[in-house]
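The values are calculated or read from the model by the stated rules, or taken from the named source; none is laboratory data. What you see is a predicted model; the values in this text were computed from it and never measured. Cβ placement follows ideal geometry from the backbone for every residue including glycine, while neighbour counts extend to all protein chains displayed. Only protein heavy atoms, including side chains, enter the accessible area calculation; ligands, DNA and RNA are left aside. Shrake-Rupley method; radii C 1.70, N 1.55, O 1.52, S 1.80 Å.
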Amino acid sequence: INRDGDRKYISIKSKRLYDSENKAYAYQAIVRDVTKETLADIILKRKQRIKNFEVLVLAELIKNPDITDNAWTIVKHISNFLGTKDCVFYAVVNDELVQMANTSRINYNDQNRFKVKIGEGIVGQVAESRMGIVCPGTRLNKNYIAEGEKRLSEIAVPVVLDDELIGVIDAEHLDKNYFTEEQLEVLSQISTIVSLYLKNSIIDLEKTIHQVKLEETQSKLQIIFESSSDAKVIESLEGVIDQVSHAFVNLFNIPVENISDIVGLKCAEAREMLKQFFVEESSFASRIQEIVDKGEVVIDEILELKDGRILSRDYNPIKNNGVPIAHIWTYKDVTLILNYDKSLEFQNKKYKRIIENMNMGLMEVDNNDVILNVNNAFINMCGFKEDELIGFRAEDILFGEDDQNPMRDVFE
């Protein structure tokens, strides 16, 4: 470093000088300024290192198209290039940044991968803006999210192909001001190479994760479907039985082991088989077809079985984005409920007739003195019509302004 603070690279050649008696009498040194040559060599070596880095990554990406192996390849070589032990690759899967691999070599499966939302943290911001970033001090960055031990500097670049975000390459270091703009430029270049080879791999992974979630959802729905106390049947648009619940076969006394014989059966054949159980046997199949043709929801349609049971039937068309994809039927045994309602209705009518014909005026009011019900004897006594009483406060109707309600003291 010279007096002006400039860094200089020099070459020094020196030797000891001897006299005729072979005694050393001086030193000679030749100093040459090699700054230009040295800097050119440093730049050349740096470019060669970057080129070697790019070729190394590219060669392994070509060799193995698997997304998980590719992710490990990326973080391994990038961490070596940057001189850090903390490098992560995030892939965009179903609109989330999913950590595919990091240099800590955590064993992932599709259930425990670390995820970051677009726009969340430094990584999420890079994904949202699609611009790389060097964060020299994470303590001053409110968006920094520490995963494990806190690092003081971070660098992140988006992986973009044809204006579509593929993922984010992210690295951190324990030291402050560690990463440089030159490293950001190199990572941006390598991200372009990476994007070309990861696109198809991420699409395949996205399909796999979607399929796993779909299978889990179907499994849960199957459990709910089979454990439901209501008898359910799902029919396809092609007129085939897709699913039958255990409650359904139990309702019609069909052995559970025969479910496999019903699933896959044509709906027309199934209706012909079931119609024998119903009182309206001749119209059973035609009524179902009528409902399907209309495609409108039907709730609590009452059907009577020949054995005396009464069923309630619901129909719901299953739609996806407004387009029908299947039909679901639900049958419930409502025999006890309807019989109880009929009995209750009969009792109410019986006692109402008795009360109405008693030579005793009766009036029913709520806690606010609003008239709920009156019998014929009361109407005849007071001279009002029924619609002049029900819904009005008794005190307002039956007593004048100067009259006192004799019942007030009773309630109070």
**OP:** Please work out which residue is most open to solvent (accessible area, probe 1.4 Å), limiting yourself to the stretch 1-52 and to residues that are hydroxyl-bearing (Ser, Thr, Tyr) and assigned to a helix (DSSP H, G or I).
**Re:** Thr38
Subject >> Search result, residues across the stretch 114-169 that are part of a helix (DSSP H, G or I), surrounded by 14 or more Cβ atoms within 10 Å (Cβ to Cβ) and out of contact with any strand residue (DSSP E or B) (no Cβ under 7 Å at 6 or more places or on another chain) >> reply: Gly121, Gln125, Glu128
**OP:** Kindly provide the set of residues from the stretch 235-283 that are more than 13 Å from Tyr331 (Cβ to Cβ) and among the β-branched types (Val, Ile, Thr), ordered by number.
**Re:** Val240, Ile241, Val256, Ile259, Ile262, Val263, Val279
